[in-house]
1. Count, please, the residues in the range 91-114 that happen to be without any contact (Cβ under 8 Å) to a residue 60 or more places away in the chain and either surrounded by fewer than 17 Cβ atoms within 10 Å (Cβ to Cβ) or over 30 Å from Arg175 (Cα atoms) (or both).
2. Can you find a residue that is out of contact with any Gly (no Cβ under 9 Å at 6 or more places or on another chain), part of a helix (DSSP H, G or I) and closer than 20 Å to Phe60 by Cα anywhere in the range 162-175?
3. Give me a count of the residues in the range 226-249 that are touching a residue at least 12 places away in the same chain (Cβ under 8 Å), away from ligand 2 (no atom under 14 Å from the Cβ) and surrounded by fewer than 18 Cβ atoms within 10 Å (Cβ to Cβ).
4. Give the residue that is farthest from ligand 1 (Cβ to nearest atom), with candidates limited to residues of the range 162-175 that are in contact with a helix residue (DSSP H, G or I) (Cβ under 7 Å, 6 or more places away or on another chain) and not charged (D, E, K, R).
5. Output yes when any residue across the range 393-414 is surrounded by fewer than 16 Cβ atoms within 10 Å (Cβ to Cβ) and either in contact with a Ser or Thr (Cβ under 8 Å, 6 or more places away or on another chain) or in the same structural domain as Ala262 (by TED's automatic domain parsing) (or both), and no when none is.
6. I'm told Pro140 meets every condition in (1) free of Cβ contacts under 8 Å to residues at least 24 places away in the same chain; (2) under 30 Å from Gly209 (Cβ atoms) except one. Can you identify the failing condition by its number?
7. Among the residues in the range 187-198, are any of a type in the set (Ser, Thr, Tyr), touching a Pro at 6+ places or on another chain (Cβ under 6 Å) and over 28 Å from Leu256 (Cβ atoms)?
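The values are calculated or read from the model by the stated rules, or taken from the named source; none is laboratory data. None of these values were measured; they are calculated from a predicted model. All Cβ positions, even for glycine, are placed from backbone atoms using ideal geometry, and neighbour counts span all protein chains on display.
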Amino acid sequence: MTFSLSNSRLLIAADSLDWMINWTIQHSLSLADASPLAFDGREELVPESPIETLYIHIPFCHTLCRFCSFHKVKYSEPLAREYFKALRQEIREVIAKGYRFNRVYIGGGTTTILEDELIKTIEMIKGLTQIREVSCESDPIYFKEGNPELLNGLVDRMSIGVQSFDDKILKASGRFEKFGSGLQQADYVSRAIELIPTVNLDMMYGFKGQTPESIQWDLAQTVRLHPDQITTYPLTLGIGKNRKKAGCLAGHPHELWPHFLAVKKALSGRYLMDFPWTFSRNFGQPVENKYVLDGEDCFGVGSGAFGRFGEQFRISSFDIPNYIQRVKQQQNGTCYIKNIENKALLQHHLMIMMGHGRLDNRIFNAHTGKTLWQAFPLEMSYLLGVGAIKKQSDHYITTEKGQFIALKMFTGFLSGMDYLREQARELPLSHHEVELEKV
Ligand SMILES: C[S@@+](CC[C@H](N)C(=O)[O-])C[C@H]1O[C@@H](n2cnc3c(N)ncnc32)[C@H](O)[C@@H]1O
Ligand code: SF4
C-alpha cells in the first residue's frame with residue numbers, strides 16, 4: 001500500500017499519540033493510590049439529583065473470546081444464580097440509601113445468560129424506582145436459543161456483539177463454534193431487530209488479513225439488517241496481560257487509517273456518524289443515542305463494575321465469590337475508591353468533543369471554567385499542527401484526520417479501562433474481608 005506525504009505525517013502523528021496515551025494511562029490510571037472503602041457504618045453522601053446511569057455487570061459468558069479482556073468467567077449456573085441474588089440485594093440497598101438513576105445499562109459478559117434472573121432483576125428495579133431506559137448487552141445465539149420475547153416491555157435497547165460476519169474471523173477469535181457462521185448469526189440478529197425497540201450491533205475491525213474491501217463487505221452485511229445503531233470497535237490490545245493473546249489476531253497498527261476510511265465509506269448515506277466509533281440509522285432526524293462511555297456520571301454494581309461520579313472513581317470486587325460474600329455481610333459492593341486527576345477528566349472531554357466534531361470554547365468554559373487553550377495548551381497546538389482541527393468563526397471543527405485522532409484517543413480509553421481491570425483483579429482484599437474468607 002502506498003501513502004502520500006500527508007498520510008505519512010498523519011501516521012507519525014498517530015504513533016507519537018500512541019506513545020503519549022500509553023504514558024498517560026500508566027501515570028493517571030494507576031490504582032497504586034486506590035483506597036479501600038471504609039466499612040464503618042457511616043452514612044454515605046448521596047447526591048441529591050439522579051446519577052445518569054446505573055451500570056450493572058454480569059460477568060458470565062458461554063465462550064471466552066480471544067480478544068476480550070472484559071471481566072467475565074466461564075458460565076456456571078449455580079454460581080450465576082447466587083450472583084444474581086446478591087446483585088439484587090446490592091441494588092435494593094443502593095436504592096434504599098437514596099440513590100436515583102435516569103437509565104440502567106446492563107453490561108457483561110453476557111447479560112441474557114440466565115434470562116429468568118435478568119427479568120427478575122429488571123422487574124425489581126422498575127418496581128422500586130423510575131427509570132427512563134434499560135439497555136442490555138448480549139450475544140447473537142441468545143436470539144436463537146433464548147426467549148427474547150420475554151424481554152418485551154423490559155428492555156428498550158439491546159447491544160449485540162457480532163464482531164464480524166466473516167467466518168475466518170469468527171473462527172480465529174473463537175466465536176464460530178458457539179455462535180455459528182456469519183450467515184446463521186445474521187438470521188439470529190434479524191429476530192432481535194424485529195423484537196427489540198432499539199438494536200445496536202457491535203462490529204470489530206483491525207484483524208490480521210482484513211483489507212478495506214473485506215471491511216466494507218462485512219459492514220454491508222450489517223447494513224443489510226438495518227440495525228438502529230452500529231458500533232465499530234478497532235481491535236484494542238490493551239497494555240496488560242491480554243495484549244499477547246489479542247495481539248495474535250491483530251493487523252498492523254498503520255492499517256487503521258485506511259480501515260477507518262473503509263468503515264466510513266461502508267456506512268455513509270444510510271448511517272450518521274455520531275462519533276468515529278458509533279453510527280445511527282439516518283432517519284432524517286437526530287435519534288437519542290446515549291452511551292455509558294459519554295462521560296456522564298455512572299454508578300456501578302456487581303462484580304467487576306466501575307463507577308464514576310464527580311472526581312471519584314469506584315471499583316467493585318473482581319472476585320465473584322468475594323463479591324457475593326461482601327453483599328451477604330451487608331457491606332458495600334464497591335470495595336475501592338480512587339480520586340481521578342482533573343486533567344484525566346478534561347482529556348476525556350477532549351476525546352468526546354473531538355469525536356463529536358466540534359470544540360466550542362463557550363460550552364467548554366461554562367462546563368469547566370477554563371478555555372480550551374488554558375486546559376489543553378499542548379494538545380491544541382498538536383491538533384492544529386497535524387491538521388486535526390480547523391478554526392471556524394468562534395469554535396473549532398474536527399477534520400477527517402481529527403476524527404481518526406479521536407478514534408485513536410478512543411482506543412486509548414479502551415486500553416485504559418483494560419489497564420484498570422488488570423490492576424483491579426490484583427487489588428488485595430481488605431483486612432475485614434480476609435477475616436471473612438477464613439470463616
Ligand atoms: C463486553 S462485550 C459484550 C457483548 C457480548 N458478550 C458479545 O460478545 O456478543 C462488548 C463489546 O466489546 C467489544 N470488545 C471486546 N473486546 C474488545 C477488544 N479487545 N477491542 C475492541 N473491542 C472489544 C466487542 O465488540 C463486544 O461486542
Ligand atoms: S466478547 Fe462478549 S462473549 Fe466474548 S468473552 Fe467478551 S463478553 Fe464474553
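1. Looking only at that region, the number is 7.
2. Narrowing the range 162-175 to residues out of contact with any Gly (no Cβ under 9 Å at 6 or more places or on another chain): 163, 171, 173-174.
Of the ones still in play, those that are also part of a helix (DSSP H, G or I) are 171, 173.
Filter again for closer than 20 Å to Phe60 by Cα, leaving 173.
The answer is yes, given that some residue of the range 162-175 is out of contact with any Gly (no Cβ under 9 Å at 6 or more places or on another chain), part of a helix (DSSP H, G or I) and closer than 20 Å to Phe60 by Cα.
3. First, pick out the residues of the range 226-249 that are touching a residue at least 12 places away in the same chain (Cβ under 8 Å): 226-242, 245-246, 248-249.
This time we only want the ones that are away from ligand 2 (no atom under 14 Å from the Cβ), so: 226-230, 232, 234, 237, 239-241, 248.
With surrounded by fewer than 18 Cβ atoms within 10 Å (Cβ to Cβ) added as a condition, the list becomes 226, 240-241, 248.
Of the residues in that region, 4 qualify.
4. Start the filter on the range 162-175 by keeping residues that are in contact with a helix residue (DSSP H, G or I) (Cβ under 7 Å, 6 or more places away or on another chain), which leaves 162-167, 170.
Imposing the further condition that a residue be not charged (D, E, K, R) reduces the set to 162-165, 170.
Values: Val162: 7, Gln163: 5, Ser164: 10, Phe165: 13, Leu170: 11 Å.
Ranking the candidates gives Phe165 first.
5. Looking through the range 393-414, none of the residues is surrounded by fewer than 16 Cβ atoms within 10 Å (Cβ to Cβ) and either in contact with a Ser or Thr (Cβ under 8 Å, 6 or more places away or on another chain) or in the same structural domain as Ala262 (by TED's automatic domain parsing) (or both).
6. If we test Pro140 against (1) free of Cβ contacts under 8 Å to residues at least 24 places away in the same chain; (2) under 30 Å from Gly209 (Cβ atoms), just (1) comes out false.
7. yes
Listed here are the residues, each with its yes/no results for (1) outside any helix (DSSP H, G or I); (2) in contact with a Lys or Arg (Cβ under 9 Å, 6 or more places away or on another chain); (3) within 16 Å of ligand 1 (Cβ to nearest atom); (4) over 26 Å from Ser181 (Cα atoms).
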position: Gly127; (1), (2), (3), (4): no, no, no, yes
position: Ile131; (1), (2), (3), (4): yes, yes, no, yes
position: Cys136; (1), (2), (3), (4): yes, yes, yes, no
position: Lys144; (1), (2), (3), (4): no, yes, yes, no
position: Gly153; (1), (2), (3), (4): yes, no, no, yes
position: Ile160; (1), (2), (3), (4): yes, no, yes, no
